[in-house]
Every structure is written in C-alpha cells, then in structure tokens.
1. State the number of residues belonging to the stretch 79-106 that are touching a residue at least 40 places away in the same chain (Cβ under 8 Å) and either in a loop (DSSP other than H, G, I, E, B) or over 16 Å from Ala156 (Cβ atoms) (or both).
2. Considering every residue within the stretch 70-78, establish whether at least one is at pLDDT below 90, of a type in the set (A, V, I, L, M) and within 27 Å of Ala156 (Cα to Cα).
3. Just to be sure, is Tyr68 among the aromatic types (Phe, Trp, Tyr), assigned to a helix (DSSP H, G or I) and crowded, with 17+ Cβ neighbours inside 10 Å?
4. How about the stretch 133-167: which of its residues are over 19 Å from Ala91 (Cα atoms) and within 11 Å of the chain's Cα centre (by Cα)?
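The values are calculated or read from the model by the stated rules, or taken from the named source; none is laboratory data. Here the structure is a predicted model, which is why all the values come from computation and not from measurement. Neighbour counts are summed over all protein chains in view; Cβ atoms, including those assigned to glycine, are modelled from backbone coordinates with ideal geometry.
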Amino acid sequence: MPLLSAIVDYIDAFTDYSGRILAWLCLAMAALTALIVLLRYGFNIGSIAAQEAVIYMHGALFMLGAAYTLKEGGHVRVDIFYQRFSTRTQAWINGLGGIIFLLPLCAYILGISWSYVTESWAIRESSPEAGGIPAVFLLKSLVPLMAISLFCQGLAEVLRNALFLVEGEA
C-alpha cells in the first residue's frame, strides 16, 4: 500500500503544480485582454494574433485545468443524496464512478482525438485568419493532453478511495 499512496501523492503534486501555473495563465489572459481592448479602442490598433492568443490561453486554462479542478473537488456533482451518505459510501461511489465513467471517458477522448491531432500536426495546421497564430496544431494538442492529465488525476482519486476503503484513513 505504500506504493499506491506514493503514486497518489506524486500525481497530486504534479496536478497541484500544474494548477498553480495555470492560475498565472489566467492572470496573463486577463492582462492581454485588457491590452487588446486598450489598443483597439484607445489607439485604433487591432491584432488578430493577440486575440487568438487569448483564445489559446482560454483553451489551455480549461482543458489543462480539468485535472486540478477534479483534485480540488470543483467539478459539478448532483449531491442531493451523496452529501447524506457516510464517508465510506462516498468513497465507494467516487471510486466506482471513476472506474466506470471517468477513466473510460478519458481513454475514449484520447483515442478519438488522436488522429484529429496527428493530422493537424502533419500539416502544421495554422490559423485561417491573416495575421493569426500559425500553430492551431498546438491548440488541438490540448485535447489529448487534457485526457491524459484528467485520466492520471482520476486514477489518483480512484486509488485514494480504494486506500480509504482498505485502510480506513483519508
């Protein structure tokens, strides 16, 4: 069991570190948005690349932030009955939910997005807009990265619940 606990701790640490970096991305996205508005309405200067950069940051924030949100318990759940269950029953529900729903969904997203992303990389897909960012393939790469990071954190959650059920401690 110490190995499983170490795996959970390692995945949690990685997810926590990633989430903290993404928090700074949120600040950068807000600053860039403010700059775009200032340049456009204050100086009549527009930039497609800057606008697309905000879209890229927004995509990265939500796609890569999914695992951190799971770790912090921030995903929406219907807990009309769940909140009244014992901690042990909640661990069963969380563990089985991860095994039955979350992990297969992540594997499906990874599998279904793989050719979508590799084809984009093969042609080095770029923005259709003149002056846009010539790296749409990087944006599309966020889909399998999200699936992988969410799968890892989902695995950590399943293992954490299994450890709780076996050892009886949080």
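1. The qualifying residues number 3.
2. Yes, that holds for at least one residue.
3. yes
4. Hits for the stretch 133-167 are Leu142, Val143, Pro144, Leu145, Met146, Ala147, Ile148, Ser149.
Residues checked against (1) part of a loop (DSSP other than H, G, I, E, B); (2) free of Cβ contacts under 8 Å to residues at least 60 places away in the same chain; (3) in contact with a helix residue (DSSP H, G or I) (Cβ under 6 Å, 6 or more places away or on another chain):
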position	(1), (2), (3)
Leu4	no, no, yes
Ile7	no, no, no
Thr15	no, no, yes
Ile21	no, yes, no
Leu25	no, yes, yes
Met29	no, yes, yes
Phe62	no, yes, no
